[in-house]
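**Q** Okay, here's the structure, questions in a sec.
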Amino acid sequence: MKIQEIMTGDPIVLRPEQSLTEVLRIFIDNKIDGAPVVDESDHLIGLFTKSHIYRAALHHLDENVTVGSLMTRDVYVGQPEDDFEKVVTPMVPRLPVVDANNKVVGILTRGDIANAFFNSYQNISRELDVIIDSTHNAIVSIDENGKIKVFNRSAEVALGMNAREVIGRSVMEIIPNSGLLNVMKNGQVELLRKITINGREFISNRSPIVKDGKSIGAVAVMHDISEIEKISRELQVVRELNEELDAIIESSFDGLYITDGNGITLRLNKAFQMISGVKPDEFIHRSVEDIEAEGVVNQSVTKLVLERRESVTINQQYKTGRTALTTGSPVFDKDGKLFRVVCNVRDITELNMLKQRLEQVQGLSELYASELSSLRIKYASPLRLVANSVPMRKMLEMVFRVAQVESTILITGESGTGKELIAEIIHENSPCRTGPYLKLNCGAIPEHLLESELFGYEGGAFTGARKEGKPGYFELADGGTLFLDEIAELPLGLQVKLLRVLQSKEITRVGGTTPFSVDVRIIAATNRDLMELVKSKLFRGDLYYRLNVLPINVPPLRERKDDIPNLVAYFMKVFNEKYQLAKRVSPEVIDIFMEHNWPGNVRELENLIERLVVITAGDMITTADMPAHLFPESITDKDTEAPAVSVSAIIPFKDAVESVERQILEQAYEKFSSARQIARELQVDVSTIVRKAAKYGISTHNNGRP
């Protein structure tokens, strides 16, 4: 405490020239017993008290004696900022207080000190009472006689008693089981003792109050354990929830990665560690930007969530080589502030691998299905379809695809190319293959009968009609396929009706009035240019576009001469079995066949083989048996730059074909540097060249020689 806080300010001061009589009157009027003495500059020069007056009276001094002659000049002084505990002593009854210039600014007397101590005691006492009353725990203390001295507000609330009613009364009367008397007597501290007061449970800490080595009382601090138990239960629930949350997070098959609202990592589970290949201590308390910069992951979804403030899903690539589908979700507090980002990381590496394997299996399945269809066509169709050339293989691929749908198909191609066979193949591989398959040549039926053949007629519809009527081709083909050959020969009047059937799937019999539905797939074929007929107004354009949904063009034999050797072998087998013969074809005949343009296509070749099998005298068909029109005008005009391809002896046909293939490939590899050039020159796929070259051991590194 500073002197200036308790001193008497602006004190009465004396002058050295004042007389005793005058000073005595000042002391009596102001009820003081001393005062500092100052000079004309108000500087302290001494101290004059009643003791000086008593001594003057004792020595019978004159009343006119001045203060200056009697005052104490060696005065102990203090300054306002001094701590009075360090300056004031019991030997100093009053203390002049001066400033830095030795001017009197106050005086400190014993009365001032007593008042200061009294006020301080009262303040401390009040503060102590406030502290005790403000304490959450109940506090009860007793004196050496067992009387209650302290009973705070928490005790009032906990015990249901008023402090004014219990203070001064025996503790045994108010709280008989408090144990305070025993603590006071034995002087031992008792901690965490459980007691019951008014049906409530408390934990009590009891201590003796010791002064000068003697126990003069005891104090108990009691806490209502119902609150502790409540808190304990809450803590237990929180602990269990945390353990449950940890178990859920760690047991998740998906990786979980959680950050705060600033992108600082808070936690991650084991699944995420396996995906990312990092340990928790490498991530915790680090920013996602640092992690992204170090290449742990190619792109941070958390960063995107923080920027967009919405859920984001992306594919991530980790340094471990794993791919993950990650969804980052923002978490907002009640004020709308983003304070968490939770990322669910699903490893899709295995899924991608399975997807690739599935695609491979599906591709193989489609390949096997295609090959199975080819074999079924090759061996189960009514007429063997030879398709070794590139144009025919491409055409067959298209046939297999369009057979799976129910759209209308238009087959074009020259006469004799096998359009009817293609139509049969489409039906046999279509969804309606279990239904009927009917064929109608539009050019072979008179125009006046064609309508009744297609649509049927009611009884008595025209002269000569059956009384019961007759169903037409559309009705008979219901649920199956109707093949309309030579569609270009269909009269214009019937073209309109056919167009209506294609659009509405309904027909009306000749002479009838009631339409009814039919479910028929239409396959049309022609050897004429329908577009030119449309331009010449000989064929309806709307019907053409309705028929030409899925066009298929069958290449002529001159554009697929690679099929000729196999076709010859097939027809030779058919007609040898038919006529019970064993005829063979010489290689020279095959060469002639390969040079011919075959305007009649496969039908011309079939008819020629049948004629040769029948009319040839010997078992070997040679060039001498060939019709004259098959021979070229000048055989000497052939290109002689490359060596001739030949077969040196009579060998099985399969071996002869392989020999020819090998010789052609050897010559091609000597002339060209790549399989792609050879394939382009021989008009086959590159895969065919590579496969056959491997079969015969031919490559560019040995100039075509095995």
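The values are calculated or read from the model by the stated rules, or taken from the named source; none is laboratory data. Here the structure is a predicted model, which is why all the values come from computation and not from measurement. When we count neighbours, we look across all protein chains shown, and the Cβ atoms used for this are built from the backbone with ideal geometry, even at glycine.
**Q** Being surrounded by fewer than 18 Cβ atoms within 10 Å (Cβ to Cβ), modelled with pLDDT of 75 or more and assigned by TED's automatic domain parsing to the domain that holds Ile203 is the requirement here; does Val140 meet it?
**A** On the way: surrounded by fewer than 18 Cβ atoms within 10 Å (Cβ to Cβ): no; modelled with pLDDT of 75 or more: yes; assigned by TED's automatic domain parsing to the domain that holds Ile203: yes.
For Val140, the condition - surrounded by fewer than 18 Cβ atoms within 10 Å (Cβ to Cβ), modelled with pLDDT of 75 or more and assigned by TED's automatic domain parsing to the domain that holds Ile203 - is not met.
**Q** Let me ask something additional. So, Asp212, is that one under 30 Å from Phe332 (Cα atoms), acidic (Asp, Glu) and surrounded by fewer than 18 Cβ atoms within 10 Å (Cβ to Cβ) or not?
**A** On the way: under 30 Å from Phe332 (Cα atoms): no; acidic (Asp, Glu): yes; surrounded by fewer than 18 Cβ atoms within 10 Å (Cβ to Cβ): yes.
Spelling it out, it is not the case that Asp212 is under 30 Å from Phe332 (Cα atoms), acidic (Asp, Glu) and surrounded by fewer than 18 Cβ atoms within 10 Å (Cβ to Cβ).
**Q** Let me ask you something else. Please identify the pairs in which a residue from the stretch 18-44 that is within 22 Å of Leu108 (Cβ to Cβ) and in the same structural domain as Asp74 (by TED's automatic domain parsing) has its Cβ atom under 7 Å from the Cβ atom of a residue that is surrounded by 20 or more Cβ atoms within 10 Å (Cβ to Cβ) and among the basic types (Lys, Arg), counting only partners at least 6 apart or on another chain.
**A** Filtered contacts from the stretch 18-44: Gly34/Arg94.
**Q** Is it the case that some residue within the stretch 559-578 is in a helix (DSSP H, G or I), basic (Lys, Arg) and at pLDDT below 90?
**A** Of the residues in the stretch 559-578, the ones in a helix (DSSP H, G or I) are 559, 561-578.
Add one more test, that the residue is basic (Lys, Arg), and what stays is 561, 573, 578.
Of the ones still in play, those that are also at pLDDT below 90 are 561.
Yes, the conditions are met somewhere in the stretch 559-578.
**Q** Here's a follow-up. Where the second residue is part of a helix (DSSP H, G or I) and not charged (D, E, K, R) and the first is assigned by TED's automatic domain parsing to the domain that holds Pro208 and surrounded by fewer than 19 Cβ atoms within 10 Å (Cβ to Cβ) and lies in the stretch 145-170, which pairs have Cβ atoms under 6 Å and are six or more apart or on separate chains?
**A** Gly146/Val171; Gly146/Leu181; Glu156/Ala163
**Q** Only one of these is modelled with pLDDT under 85, farther than 23 Å from Ile148 by Cβ and of a type in the set (A, V, I, L, M, F, W, C): Leu256, Leu235, Leu192. Name it.
**A** Details: Leu256 fails: modelled with pLDDT under 85; Leu192 fails: farther than 23 Å from Ile148 by Cβ.
Residue meeting the stated conditions: Leu235.
One line per residue, one yes/no per condition, for (1) modelled with pLDDT of 85 or more; (2) in the same structural domain as Gly480 (by TED's automatic domain parsing); (3) surrounded by 11 or more Cβ atoms within 10 Å (Cβ to Cβ):
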site	(1), (2), (3)
Leu364	no, no, no
Ala387	no, yes, yes
Met398	yes, yes, yes
Thr412	yes, yes, yes
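**Q** May I ask you to list the residues in the stretch 249-265 that are under 9 Å from Arg340 (Cα atoms), surrounded by 18 or more Cβ atoms within 10 Å (Cβ to Cβ) and polar (S, T, N, Q)?
**A** To start, the set of residues in the stretch 249-265 that are under 9 Å from Arg340 (Cα atoms) comprises 258-263.
Next, only the ones that are surrounded by 18 or more Cβ atoms within 10 Å (Cβ to Cβ) stay: 259, 263.
The answer is Thr259, and nothing else.
**Q** Separate question: Being of a type in the set (S, T, N, Q) and touching a helix residue (DSSP H, G or I) at 6+ places or on another chain (Cβ under 9 Å) is the filter; apply it to the stretch 596-629 and report the residue that is surrounded by the most Cβ atoms within 10 Å (Cβ to Cβ). I'd like the intermediate steps shown before the answer.
**A** First, pick out the residues of the stretch 596-629 that are of a type in the set (S, T, N, Q): 597, 601, 607, 616, 622-623.
Next, only the ones that are touching a helix residue (DSSP H, G or I) at 6+ places or on another chain (Cβ under 9 Å) stay: 597, 601, 616, 622-623.
On the way: Asn597: 11, Asn601: 23, Thr616: 17, Thr622: 15, Thr623: 12.
Among them, the one singled out is Asn601.
**Q** In addition: Pairs under 6 Å by beta carbon, first residue at pLDDT 80 or above and among the small types (Gly, Ala, Ser) in the stretch 661-680, partner buried (at least 19 other Cβ atoms within 10 Å of the Cβ) and in a helix (DSSP H, G or I), six or more apart or different chains?
**A** Ala668/Ile678; Ala679/Ile689
**Q** Could you tell me which of the residues Ser430, Ser517, Ser504 is surrounded by fewer than 16 Cβ atoms within 10 Å (Cβ to Cβ), among the hydroxyl-bearing types (Ser, Thr, Tyr), at pLDDT 85 or above and within 26 Å of Pro551 (Cβ to Cβ)? Full working, then the answer.
**A** Details: Ser430 fails: surrounded by fewer than 16 Cβ atoms within 10 Å (Cβ to Cβ); Ser517 fails: within 26 Å of Pro551 (Cβ to Cβ).
Ser504 is the lone residue from the list that is surrounded by fewer than 16 Cβ atoms within 10 Å (Cβ to Cβ), among the hydroxyl-bearing types (Ser, Thr, Tyr), at pLDDT 85 or above and within 26 Å of Pro551 (Cβ to Cβ).
**Q** Out of curiosity, is Ser452 closer than 26 Å to Leu557 by Cβ and not aliphatic (A, V, I, L, M)? Walk me through how you get there before you give the answer.
**A** Working: closer than 26 Å to Leu557 by Cβ: no; not aliphatic (A, V, I, L, M): yes.
Answer is no for this residue.
**Q** Filter the stretch 235-263 down to the residues that are assigned to a helix (DSSP H, G or I) and polar (S, T, N, Q), then identify the one that is nearest to Val278 (Cα to Cα).
**A** Kept after step one, since they are assigned to a helix (DSSP H, G or I), are these residues of the stretch 235-263: 235-251.
Filter again for polar (S, T, N, Q), leaving 236, 242, 251.
Details: Gln236: 33, Asn242: 24, Ser251: 18 Å.
My answer is Ser251.
**Q** Do you know which residues across the stretch 314-361 are in contact with a strand residue (DSSP E or B) (Cβ under 8 Å, 6 or more places away or on another chain) and assigned to a helix (DSSP H, G or I)?
**A** Let us first name the residues in the stretch 314-361 that are in contact with a strand residue (DSSP E or B) (Cβ under 8 Å, 6 or more places away or on another chain), namely 314-319, 322-333, 338-349, 352.
Correct list: Thr349, Asn352.
**Q** Might you let me know whether the stretch 415-432 holds any residue that is of a type in the set (Asp, Glu), free of Cβ contacts under 8 Å to residues at least 60 places away in the same chain and assigned to a helix (DSSP H, G or I)? Give the steps one after another, and end with the answer.
**A** Of all residues in the stretch 415-432, those of a type in the set (Asp, Glu) come to 420, 424, 428.
Narrowing the set further to residues that are free of Cβ contacts under 8 Å to residues at least 60 places away in the same chain leaves 424, 428.
Okay, now just the ones that are also assigned to a helix (DSSP H, G or I), so 424, 428.
Yes; the residues of the stretch 415-432 include at least one that is of a type in the set (Asp, Glu), free of Cβ contacts under 8 Å to residues at least 60 places away in the same chain and assigned to a helix (DSSP H, G or I).
**Q** Counting just the residues of the stretch 509-550 that are within 21 Å of Tyr437 (Cα to Cα) and hydroxyl-bearing (Ser, Thr, Tyr), which one comes out farthest from the chain's Cα centre (by Cα)?
**A** Residue satisfying both the conditions and the ranking: Thr526.
**Q** I need the full set of residues from the stretch 236-289 which are touching a residue at least 40 places away in the same chain (Cβ under 8 Å) and charged (D, E, K, R), in order please.
**A** Across the stretch 236-289, the qualifying residues are Asp254, Asp260.
**Q** Now, a different point. Could you check, for the stretch 5-14, whether at least one of its residues is farther than 15 Å from Val105 by Cβ, hydroxyl-bearing (Ser, Thr, Tyr) and part of a strand (DSSP E or B)? Quick ask: steps written out before the conclusion?
**A** Pass one, the stretch 5-14, residues farther than 15 Å from Val105 by Cβ: 14.
This time we only want the ones that are hydroxyl-bearing (Ser, Thr, Tyr), so: none.
No, the stretch 5-14 contains no residue that is farther than 15 Å from Val105 by Cβ, hydroxyl-bearing (Ser, Thr, Tyr) and part of a strand (DSSP E or B).
**Q** Can you tell me which residues in the stretch 611-658 are charged (D, E, K, R), more than 21 Å from Leu567 (Cα to Cα) and at pLDDT 80 or above? Talk me through it step by step, then tell me what you get.
**A** Just the residues of the stretch 611-658 that are charged (D, E, K, R), to begin with: 611, 619, 625, 633, 637-639, 641, 654-655, 658.
Those still in the list that are more than 21 Å from Leu567 (Cα to Cα) too: 633, 637-639, 641.
Hits for the stretch 611-658: nothing passes.
**Q** Then there is this: What pairs come out if I take residues in the stretch 446-461 that are at negative phi and modelled with pLDDT of 80 or more and pair them with residues that are of a type in the set (Lys, Arg) and not in a loop (DSSP other than H, G, I, E, B) whose C-beta lies under 6 Å away, six or more apart or interchain?
**A** Partner pairs satisfying both residue conditions: Tyr457/Lys470.
**Q** Out of (1) out of contact with any strand residue (DSSP E or B) (no Cβ under 7 Å at 6 or more places or on another chain); (2) at pLDDT 80 or above; (3) surrounded by fewer than 17 Cβ atoms within 10 Å (Cβ to Cβ), the odd one out for Ser311 is which?
**A** (1)
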